Each structure stands twice: as C-alpha cells, then as structure tokens.
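Written below as structure tokens is the structure these notes are about.
Quick note: the coordinates plus some simple rules give every number you see, no bench work behind them. Every value quoted in this text rests on a predicted model; they were computed, and no experiment measured them. As a convention, Cβ positions derive from the backbone with ideal geometry for all residues, glycine included, and neighbour counts pool all protein chains shown.
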Amino acid sequence: MTISRSDERYLRQSQFNAIGTQGQQRIEASSVALLGCGALGSVAGELLARAGVGKLRLIDRDLVEWSNLQRQSLYTEADAINAAAKAEAAATHLRAINSSITIDEHVVDITPANIAMHLAGVDLVIDATDNFSARLLLNDWSLQTQTPWVHGGCIGAGGQVRLFTGGSPCFRCLLPHPPAPGETATCDTAGVIGPATHLIASLQACEAIKWISGNRSDVRTDVLSVDLWGNQMRNIRFTGNEDCIACVQHRYDFLNATAAEGEAAETLCGRDAVQIAGSGSRVDLQRVARAWGSVGKVTEARFFVRLALPEEQTLTLFRDGRAVISGVRDIAHARSLFDRYVGS
Ligand SMILES: [Zn+2]
C-alpha cells in the first residue's frame, strides 16, 4: 500500500490515538483565526499550519520591528528591514510551510465596528492580542456567536491559558472590567522571554487542536498559570461568576460600544499626532513613569507623563487616561503604541 504525500504529512499526528484519521479530517475541515500575529500568534499559527488546519485567518495591525525577532519566530531580519505588515509576512512564511491550506491575511485594527466582519465564519479564535480591551471585545463576540476562543496571555517569564467555549463561564467572569491605563505591566514595559511566549502559544495550539479534532471533553477547564522563572505551574480552579455581566446577564458592553467609542481615537488636525480618548479612570502617573523608566526618556509633569520613543515619536499620557501620540498619523499605529506602553 502506498500513502499519499498529504497523508504522510500528517501521519505522526493521526497516529496519535486521540486524534486518529477522523480527528485529522476534522482539523483539515476547520477554520481558525489568529487575532494577533506577534509572539503568540506567530508560534500558534505555525503549529496550526503544520497540523493542517484547513483555513487560517491572520489578523494584525502592526509592522515587524527589530525588537520582535527575539521571540516572534516566524519573522526574519528581512521582514524587520522592510517593516513588513505582520499578517502579510506571517502569511508568506506559513504558505511556504504548508501550501495545501488556505491562508488569508487581514491587516486591520479590530474594533467593535469591524470584529464581526473579520471573524465571520471561523470555528475558533486564538487570542494573540496584547491588551485587555481586545480580549473583552473578543469575549463579547464569542458569546454572541457562540464561537470558542483560546485565551493566552504572557509577560516576563510567565503567562496563562484557557479555552472559552462561547458560553458560560467566560473571560469576563475572570475580569469584569479592564484595568485602568498604566495599572498593569505590558511586554513593552516589563519585557518578555521567548521560552515563555513559545510555551503559552504551544498550550493554546494544543487546546485548539483538542477542540477542532473533536476531543472537546479533554479541553482544560482550569486556568493554567505558568511562571518559568519561579519554576511554578499551577492549575487555578475556575467555575465562573454567577453574576457575570456578559455570559449570565448577556450584556455585551465592549461589542456594543457606540460609534462614539469607535471614534475614541482621532488624528489631531494639522498635527502629526493621534489622540486616544481616556477611559475616565484616574491614572497613577508616577507608577507609569517608573514602568517607562526602562523604555526611554521620561518627562514627568503635574498633569501628564511623557515617553520619548524611537523615530521622534512621543507618547503623552494624561491623568484622565487620555493619550496623545505624536510623530504618528495612522490611528491603528497609535493604538498599537498605546496598548504596548500603556496597556488597557
Ligand atoms: Zn462570564
């Protein structure tokens, strides 16, 4: 008996009992979106492309930068030199890895207004975002469409993972409201190491493969929390919140954010600058200044704190959470810088 090249490609995976031939067929018939093509997205994307996921959708608003190469293993120096769009560069590399699957790339900033369009038709979403607002938006969309997603978060040498099914319990049970700007560290302020992002992305890909191959009862129900530097792995029991605003009360605040919210970022007329509206929650400016100390030159004033970024860009964060990013005209780029250095 001869086996075809396409069967041979996935042989080691279909030999694994829990998957088998039938599970492999299900994987090849499935469609997965990667929301973000950074550290988590590029690693999970590679694993899923190699596993034979039939349709992969790559969504990212950013460009490849030199500081990405230390961990975002799909990208090369050429991508950084060309400042390639991540979704596009990732698609090129993944097509070279597996030409038998369908890959489409979306270079966009996901907002309440466009999330439904860009995620339409997918069976599962990998959370490879870098901020809480995006996750809460994805969570709302997931509940409304009953589409599962795999949360992954990573910072420093640790992170956490859990698949949410598109029903109860949900991510908002864990985090009812996004933290105030500057309240949490981000990879751009606290750093992150490659082994941690690879591990978290790998765990996300594993939960996704369990789900799409038909092994749903094997999906982890705890939140797995990992600290590679402190040598700890913990399963945190998670049963949800019986008063959850989203999965119990079915209020999708982030998805239903009004048009005004959608316009929360605007290019400032006559200036090379974008303003991002504040959340209204009071920012601890001293704390932000300390976190930025390792990033670049920080200027502290009574009502704001300012960070000098490369290429003569500056990020000014005000006490009410409003930010002005100068040296930038593109709103998606400004939002990206905001999420990276301020967090939300
Ligand atoms: Zn919930």
Boolean, Arg162 is of a type in the set (Lys, Arg), touching a Leu at 6+ places or on another chain (Cβ under 8 Å) and either without any contact (Cβ under 8 Å) to a residue 24 or more places away in the chain or away from the ligand (no atom under 15 Å from the Cβ) (or both): no
Criterion (closer than 19 Å to Gly159 by Cβ, out of contact with any Leu (no Cβ under 6 Å at 6 or more places or on another chain) and free of Cβ contacts under 8 Å to residues at least 60 places away in the same chain) met by exactly one of Ser73, Ser99, Ser67: Ser67
Counted residues, region 158-213 - those being hydrophobic (A, V, I, L, M, F, W, C), part of a loop (DSSP other than H, G, I, E, B) and touching a Gly at 6+ places or on another chain (Cβ under 8 Å): 4
Helices (runs of 4 or more DSSP H) contained in region 48-157 and holding at least 3 residues of a type in the set (A, V, I, L, M) and crowded, with 19+ Cβ neighbours inside 10 Å: 86-97, 132-145
Test: residue in region 184-197 that is within 16 Å of the ligand (Cβ to nearest atom), free of Cβ contacts under 8 Å to residues at least 60 places away in the same chain and among the hydrophobic types (A, V, I, L, M, F, W, C): no
Residues satisfying the stated conditions in region 233-256, i.e. more than 10 Å from the ligand (Cβ to nearest atom), without any contact (Cβ under 8 Å) to a residue 40 or more places away in the chain, out of contact with any Ser or Thr (no Cβ under 7 Å at 6 or more places or on another chain) and farther than 28 Å from Ser30 by Cβ: Met233, Arg237, Arg251
Residue under evaluation Ala180, criteria (1) more than 15 Å from the ligand (Cβ to nearest atom); (2) closer than 28 Å to Arg234 by Cα; (3) surrounded by 23 or more Cβ atoms within 10 Å (Cβ to Cβ), criterion not met: (3)
